[in-house]
Amino acid sequence: MYIKNLITILILSSLFISCENKNPENKSSVKEGLQSENPAQAESQKLNSFFQRCWDNYVERYPEFASFLGLKMKNDQLDDISDDFLEKEMKNSKLELDTLALFDTTLLNPTDLLSYQLFRESRQHSIHMYKYRHYNYPISQYDGFHSNFPTLMLSVHAIDSVTDALAYIQRLKGATDKFNRLIENIEVRAKEGIIPPKFVFSYLYSDCENLLTGKTGEHIFYQDFISKIDSIKISPEMKTNLLKEVVRAIEHSVKPAYRKLLGCLKELEKKSTTDDGVWKFPDGNNFYNAILEDHTTVKMTADEIHELGLKEVATIHSEMKEIMKRVGWEGDLTSFFNFLRTDKQFYYDQNEQGKESIINDFTSIINNMKMRLDEFFILKPKADLEVKPVEAFKEASVSEAYYEEGATNGSRPGIFRINTYRMNDLPSYENEALSYHEGIPGHHTQLSLAQEMVGLPEFRKHSSYSAYIEGWGLYCEHFPKEYGFYKDPYSDFGRLSMKLWRACRLVVDTGIHRKKWTRKKAIDYLLENTPSTEGICTKAIERYIVNPGQACAYMIGMLKILELREYAKHKLGTKFDIRKFHDRFLSSGAVPLTISEQWVGEWVEKGGN
């Protein structure tokens, strides 16, 4: 699972903020160019200047995202999450479309024309989805500022100077206003009937209480701050004053903000129900159709996706039975699943030694893959990758593993997070596939290459199309098998286990949100059809409930990549080079699958060069 944006205001909003055009180009100015320039070159320069202005404004308007990129601008501020701000974004998107329409597309080269198309579609999508701006949970066990705030401060906000330290303190003080806006968003949605299911609240209470317990000197913000200022040169007097300010900010801003949020949540829980799917929303069915297309970037109905999932599950079960024969298992698939869930050989000890061992094992797998990357890629990322455990303040709520993108300027590496809170949720037979998905050659490779790509507008370097990104991650679990990886049969079974998991997601996501499956029915389906433990199945279903549609992106994305690869192999014959195919697919940056098809098709028509 890829967790990228700490600044996501709602799952429906476009990634890119609208660009203010106080002096928008009129038609004549867009078509004008220096007489000495080639008209096509002039139009290209103007278009890319327009994209850059929009991007610069986006970064300026989202200070948390700026910090995520490694930039220091406005690093004393937090993002605006008010409804007024969202309305301004929608209006600015309309203005941007008006400006974009003034460019002469007949003069644009293929790369610029694709950027034009992607920019236009992202704005059109943002405007279309504005009506569903409240159809999300501002806070859940999966996402929300209550947990993103500590991540921002601990993992993203760097302190290299006194100015940075003062900005850190100012952000802590900003918790008061930010949490007030968060509570407003919760209450607005509650009035419209958008209330998280009942199971969510126990996680939220735990997450909030983690930020309230203990003495201030033991608080994670205090400990983080003191460790960071120890690395800069300041006088003892200045250090003392800064620490006093941090204590004051924690006591008078941070803790009161979390207490107020807790009070709001306890009142909200009284109105919550055990109805889990978005079908319960006022326009839930149409919303689910829209969000499915948003995540998959293809036009498939919920019923079609459900049937695809059932078909894939049956196919993978058949493949699993072949591995059962290889290891000499004489029982049926269900008994083999039970064996994998319960046999201690597949699980690490729930202690510090076990936690250290699992981090070392994942690191070793990634390092081994690094040594063979030249076989699969010509382009390789410069950014480093580290394997780390999930931070203690949120480990009880989040999933088993995920990737955190590094800073664009290289100041922060990419991080592959492993949740060591429940070691029985991390079977060792899935280590290899999980490493390839989250790390190398999966998310870290794809996202880092996009950041480092020369010649792409910034908005394309940071695009977030789920089917492309997660489809690539799942594809990267798959293709190493074809090149001699997964030598151990249990690791190979782990590969199939994770593929099966994504097939089951097609079934349970559509089951919950379209067919009105209960949480229990969805959990039972996973338990019956996968080797995963009850803890993993429960947490997964709870994630799909609060993040509808996203889980369908993985399998649909991978199937499209495999389809494109087979097409290229068939057309190019002996000229097909897996390295060039991978480079071509990744060189577009994240795009809708329909665009990937066009992008790869053009490459094939040119002979695969």
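May I ask you to order 375-384, 89-98, 441-450 by the average number of other C-beta atoms within 10 Å around their residues, highest value first?
441-450, 89-98, 375-384
Along the positive direction of the dipole of the chain (beta-carbon charges: Lys, Arg +1; Asp, Glu -1; about the Cα centre), which of N109, F459, L333 reaches farthest?
F459
In region 288-381, which trypsin sites (Lys or Arg not before Pro) are in a loop and have at most 10 other Cβ atoms within 10 Å, using DSSP for the loop call?
For trypsin sites (Lys or Arg not before Pro) across region 288-381 that sit outside H, G, I, E and B with at most 10 neighbouring Cβ atoms in 10 Å, the list reads K299.
Jot down the per residue volume, in cubic angstrom and as a whole number, of the convex hull over the alpha-carbon atoms of region 204-253.
73
Under a point-charge model restricted to the Cβ atoms of Lys and Arg (+1) and Asp and Glu (-1), what is the dipole moment magnitude of region 27-132 relative to its Cα centre, in debye to the nearest 20?
200
In debye, nearest 20, what is the charge dipole magnitude of region 290-554 about its Cα centre with +1 on Lys and Arg Cβ and -1 on Asp and Glu Cβ, if you could check?
Roughly 400 debye for region 290-554.
Which aspartates and glutamates, on any chain, are close to K72 with Cα under 12 Å apart, when same-chain ones fewer than 8 places away are left out?
Partners found: E60, E64, D160, D164.
Rounded to two decimals, what is Rg over Rh for region 111-179 when you use alpha-carbon atoms and the Kirkwood radius?
That ratio is 1.16, to two decimals.
Give, rounded to the nearest 20 debye, the magnitude of the charge dipole that the chain has about its Cα centre when Lys and Arg contribute +1 at Cβ and Asp and Glu contribute -1 at Cβ. List each step's numbers first, then the result.
Details: 78 positive and 87 negative charges, 95 e Å.
So the magnitude is around 460 debye.
Please report, in Å, the Rg and the Dmax of region 81-228, where both are computed over Cα atoms only.
Looking at region 81-228, its Cα Rg and Dmax stand at 20.6, 65 Å.
Provide the percentage of antiparallel DSSP beta bridges, counting only those with both residues in region 290-554; round to the nearest 5.
45
Once the dipole of the chain is set up with Lys and Arg at +1 and Asp and Glu at -1 on Cβ about the Cα centre, which of G193, I169, T301 lies farthest towards its positive end?
Farthest towards the positive pole: G193.
Taking the Cα atoms of region 145-274, what is the range of coordinates along each of the three principal axes, in descending order and whole Å?
55, 25, 23
Which of L496, L559, A290 sits farthest toward the positive end of the charge dipole of the chain, with +1 on the Cβ of Lys and Arg and -1 on the Cβ of Asp and Glu?
A290
Given K270/K394; K571/K606; K271/K394; K178/K266; K382/K499, which pairs have Cα atoms separated by over 21 Å? Spell out each step's value before the answer.
Working: K270/K394 24 Å; K571/K606 11 Å; K271/K394 25 Å; K178/K266 19 Å; K382/K499 29 Å.
Long pairs (Cα-Cα over 21 Å): K270/K394; K271/K394; K382/K499.
For a distance above 23 Å, tell me the whole-number percent of Cα pairs in region 431-562 that qualify.
For region 431-562, the fraction of Cα-Cα distances above 23 Å is 38 percent.
Karplus couplings for region 257-269 from phi (6.51 cos²θ - 1.76 cosθ + 1.60, θ = phi - 60°), rounded to Hz, Gly and Pro as x?
5, 5, 5, 5, 4, 4, x, 4, 5, 5, 6, 5, 4
Where Rh is the Kirkwood radius over the Cα pairs of region 507-609, the temperature 25 °C and the viscosity 0.890 mPa s, what D in µm²/s does Stokes-Einstein return?
D = 154 µm²/s.
Taking the Cα atoms of the chain, report the difference between the largest and smallest coordinate on each principal axis, in whole Å and largest first.
Projected onto the principal axes, the Cα atoms of the chain cover 72, 66, 53 Å.
Pop out the ³J(HN,Hα) list for region 477-483 in order, Karplus 6.51 cos²θ - 1.76 cosθ + 1.60 with θ = phi - 60°, rounded to Hz; leave Gly and Pro as x.
6, 7, 5, x, 4, 6, 10
Using the scaling law 2.2 N^0.38 Å as the reference, what is the normalised Cα Rg of region 27-132?
Dividing the Cα Rg of region 27-132 by 2.2 N^0.38 Å gives 1.24.
With Rg and the Kirkwood Rh both taken from Cα atoms, where does Rg over Rh land for region 430-500?
1.07
What fraction, in whole percent, of alpha-carbon pairs in region 272-407 exceed 17 Å separation?
Cα-Cα pairs in region 272-407 separated by more than 17 Å: 80 percent.
Could you work out [θ]222 nm for the chain from helices alone, using -39500 (n - 2.57) per DSSP H run of at least four and dividing by all its residues? Round to the nearest 500 deg cm²/dmol.
The helix-only estimate for the chain comes to -18500 deg cm²/dmol at 222 nm.
What are the lysines whose alpha-carbon lies under 22 Å from the alpha-carbon of K131, with same-chain residues fewer than 8 places away excluded?
K131 reaches K88, K91, K94, K191, K280, K299.
What translational diffusion coefficient, to the nearest whole µm²/s, does region 290-554 have by Stokes-Einstein, given a Kirkwood radius computed over alpha-carbon pairs, a temperature of 4 °C and 1.567 mPa s viscosity?
67
Provide the percentage of antiparallel DSSP beta bridges, counting only those with both residues in the chain; round to the nearest 5. Before the final figure, lay out each step's value.
On the way: 5 of 11 bridges.
Percentage antiparallel, nearest 5: 45.
We did not get these values from a lab; they are worked out from the coordinates using the rules stated. From a predicted model like this one, the values you see are computed outputs, not experimental measurements. Because the Cβ atoms are built from the backbone with ideal geometry, glycine has one as well, and the counts that use them run over all protein chains shown.
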